[in-house]
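Just so it is clear, none of the values below were taken in a lab; they were calculated from the coordinates. Owing to the predicted nature of the structure, the values given are computational and were not obtained by experimental measurement. A quick note on method: Cβ atoms are made from the backbone with ideal geometry, for glycine too, and the neighbour counts reach across all protein chains shown.
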Amino acid sequence: MTTNTPKAVIVIFGATGDLANRKLYPSIYRLFRNGKLSENFAVVGVARRPLTNEDFRNNVKNSISQFEDDNIDPDKFASHFHYHPFDVQDLSYYQSLNTLLHSLDEKHETEGNRIFYLAMAPNFFGTLAANLKSEGLTSTQGWSRLVIEKPFGHNFKSAQKLNNQIREAFDEDQIYRIDHYLGKEMVQNIEVIRFANAMFEPLWNNQFISNIQITSSEVLGVEDRGRYYESSGALRDMVQNHMLQMMALLAMEPPIKLTPEEIRSEKVKVLRALKPMSVDEVEDYFVRGQYDRGIVDGEEKPGYREGNSVDPDSNTETFVAGKLTINNFRWAGTPIYIRTGKRMQQKSTEIVVQFKDLPMNLYYDKGEAIHPNLLVIHIQPYEGITLHLNAKKGDYGTTSTPISLKYNNNDNNDKMNTPEAYEVLLHDCMRGDSTNFTHWDEVALSWKFVDIISQAWENKKAQFPNYESGSNGPKDSDALLEKDGFHWWSVTPEEE
Ligand SMILES: NC(=O)C1=CN([C@@H]2O[C@H](COP(=O)(O)OP(=O)(O)OC[C@H]3O[C@@H](n4cnc5c(N)ncnc54)[C@H](OP(=O)(O)O)[C@@H]3O)[C@@H](O)[C@H]2O)C=CC1
Ligand SMILES: O=C1O[C@H](COP(=O)(O)O)[C@@H](O)[C@H](O)[C@H]1O
């Protein structure tokens, strides 16, 4: 690992794209503003369109205009940015890029450290990695790291092919596969809540937990990403990565040390212990949905099939709910339910840990519903923890009433969550800390699990659309839990 204020040249391939403008430049700015970057850094933006340095710096300044009240001169920040028109498929461009990188290295004294951030369509990832190596861009006196955006492949086979291509040019410890959920403050908090609290860890198993629910719901629809989404769907877009990663953090054994290797090794064990399904069993464990028209925030919204670049007869799912079973000593018999969807009622990512009821409870009248203890980890947009307990009612009787203890993490944090995740991850990558990036072993196991589900769904056309925009998804998602005697706990509205 290096210093906390690392020096490097960051090369962003896809510098004129949506991700770079919306997330990467604001994140680099915040690192700079917060003193997490030394003055010794440069950013080289790479894309085909013929921009000048000045055009590019204006784009960068636009993307950070939200911070205009800061005491930082935007021109000074933007002076670290340089543009290099470039077609990644044309080998002749790489030498001139290398020359620029060498000169910036000298100018900004970045010690030959380079980050290559691939913020481009995934079909370029393999070629780019190979060309960077063959044209000598990775041969410097410092370190070279490759940051790869999602999706990492379309299924296990294509992910493996891509991984082999990349591994010919970069070692595993030089590869940083981004899963931006791992950069979220409250996702990183899962381990701390579990392993730094004497009151949770002894109860964190199938003896005391009846089920765990992970929900990531969005109000937005697929918007202008129809082309990508048609070949992805919610299963590949959210489940294969973010949902399974959160599940692994919730279910893993305590690592013996807080090193990337030890943590990853525990996560891998959970993914290996996921009970496999046959294609025919998928419908017992997984439910899919696609949004129809509906009212969202008082406005009528079109159905998924009416979107741009979407097949009017599309079989693509915009919602997935599933029951995961982990076949190990800690979790056998305790289901982990996951649920994610677009155009739902709330924008919310939340984890609910439901504890088992006591075998007998003196403080309830006969026939009255018992309120189970719940630990809710609010990932976003509200960040915090709520512990639902029972306490004596404020009267002379002996009955109890549900109460809650709340910790609000937003009070300590005035920043937007998603860009902040990129900020954290970029800084980690610059420091050489790969803990919150996904290792190939995790990617491979996740794809193997998800591939069975996609096979089942590709073989059978669904009855779509099956949920209204602005709802909580299809009825089958409720039925999935009802057959086990549970129900989804509602997710917290934006502001509690
Ligand atoms: N946008 C988002 O919120 C998220 C995006 N991602 C991932 O990030 C990656 C980028 O996404 P996004 O920014 O939305 O994509 P965009 O389509 O907005 O941007 C693509 C970029 O690639 C450049 N480009 C395309 N072809 C070439 C080429 N042959 N040579 C050089 N540059 C080229 C384009 O510029 P030009 O046309 O000038 O060449 C543009 O800068 C994708 O892998 C996506 O899946 C992941 C999570 C969220
Ligand atoms: O990776 C993705 O995540 C976003 C949701 O991210 P969040 O941080 O806003 O929860 C999702 O909209 C997108 O489809 C997916 O590609």
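The mean of 1/r over all pairs of different alpha-carbon atoms in the range 288-432, once inverted, gives a Kirkwood hydrodynamic radius of 19.8 Å. The loop-placed GluC sites (Glu not before Pro) in the range 5-68, going by DSSP, that have at most 15 neighbouring Cβ atoms within 10 Å of their Cβ come out as 39, 68. About its Cα centre, the dipole of the chain is roughly 780 debye, where the only charges are +1 on Lys and Arg Cβ and -1 on Asp and Glu Cβ. How many percent of all Cα-Cα pairs in the chain sit more than 30 Å apart? Across the chain, Cα pairs with separations above 30 Å total 51 percent. Between the range 110-135 and the range 38-65, how many Å separate their Cα centres? Taking the Cα centre of each part, the range 110-135 and the range 38-65 sit 18 Å apart. Pair-distance distribution P(r) for the range 45-191, from all Cα-Cα distances in 10 Å bins starting at 0: 10, 32, 36, 19, 3 percent. A simple charge model with +1 on the Cβ of Lys and Arg, -1 on the Cβ of Asp and Glu and nothing else charged puts the dipole of the range 456-496 at about 420 debye relative to its Cα centre. Taking Lys and Arg as +1 and Asp and Glu as -1, the other residues whose beta-carbon sits under 14 Å from that of residue 258 total -3. Sequence neighbours fewer than 8 away in the same chain don't count; with that in mind, list the lysines whose C-alpha is under 22 Å from residue 257. Hits, sequence-local ones excluded: 184, 267, 269. Looking at the range 191-269, which trypsin sites (Lys or Arg not before Pro) are in a loop (DSSP not H, G, I, E or B) and have at most 10 other Cβ atoms within 10 Å? The qualifying sites are 257.
Here the Karplus relation 6.51 cos²θ - 1.76 cosθ + 1.60, evaluated at θ = phi - 60°, turns the backbone of the range 11-27 into coupling constants of 9, 9, 7, x, 5, 9, x, 5, 4, 4, 6, 7, 10, 6, 5, x, 5 Hz, with x for every Gly and Pro. Its relative contact order, with pairs defined as Cα atoms under 8 Å and 6+ residues apart, puts the range 127-182 at 48 percent. The charge dipole of the range 324-403, taken about the Cα centre with unit charges on the Cβ atoms of Lys, Arg (+1) and Asp, Glu (-1), comes to about 320 debye, rounded to the nearest 20. Between the exposed loop cleavage positions of the chain, defined as chymotrypsin sites (Phe, Trp or Tyr not before Pro) in a non-H, G, I, E, B DSSP state with at most 11 neighbouring beta-carbon atoms within 10 angstrom, the longest gap is 1-328.
An ellipsoid equivalent to the range 355-496, defined through the eigenvalues of its Cα gyration tensor, has semi-axes of 36, 27, 16 Å when rounded to whole angstrom and sorted largest first. The simple Förster model, with R0 at 60 Å and r as the Cβ-Cβ distance, assigns residue 155 and residue 396 a FRET efficiency of 0.40. Averaging sequence separations of C-alpha pairs under 8 Å and six or more residues apart, then dividing by the length of the chain, give the relative contact order as a whole percent. Taking the mean separation of contacting Cα pairs over the length of the chain, I get 19 percent.
Amide H to amide H distances under 5 Å link residue 486 with no residue, where only residues 5 or more positions off or on other chains count and H is placed in the peptide plane.
Here's the picture: charge each Lys and Arg Cβ at +1 and each Asp and Glu Cβ at -1 in the chain, and of 389, 41, 200 the one pushed furthest to the positive end of that dipole is 200. Near the amide H of residue 116, within less than 5 Å, lie the amide hydrogens of 11, 145, 146, 147, all on another chain or at least 5 residues away, with H placed in the peptide plane. Separation of the range 265-295 from the range 192-251 is 11 Å, based on Cα centroids. Its DSSP H runs of at least 4 residues, each contributing -39,500 (n - 2.57), put the calculated 222 nm mean residue ellipticity of the chain at -9000 deg cm²/dmol, to the nearest 500. Loop-located GluC sites (Glu not before Pro) across the range 215-260 with a Cβ neighbour count of 16 or fewer within 10 Å are 223, with loop assigned by DSSP. If you take the square roots of the eigenvalues of the alpha-carbon gyration tensor of the range 195-234 and sort them as a ≥ b ≥ c, do you get rounded (a/c under 1.5), prolate (a/b over b/c) or oblate? Prolate, because a/c is 1.5 or more and a/b exceeds b/c.
Working note: Karplus 6.51/-1.76/1.60 with θ = phi - 60° gives the range 192-207 the couplings 5, 4, 6, 9, 10, 10, 4, 7, 9, 4, x, 9, 7, 6, 5, 6 Hz, where Gly and Pro are set to x. Of the beta bridges in the chain, as assigned by DSSP with both residues counted there, near 55 percent are antiparallel.
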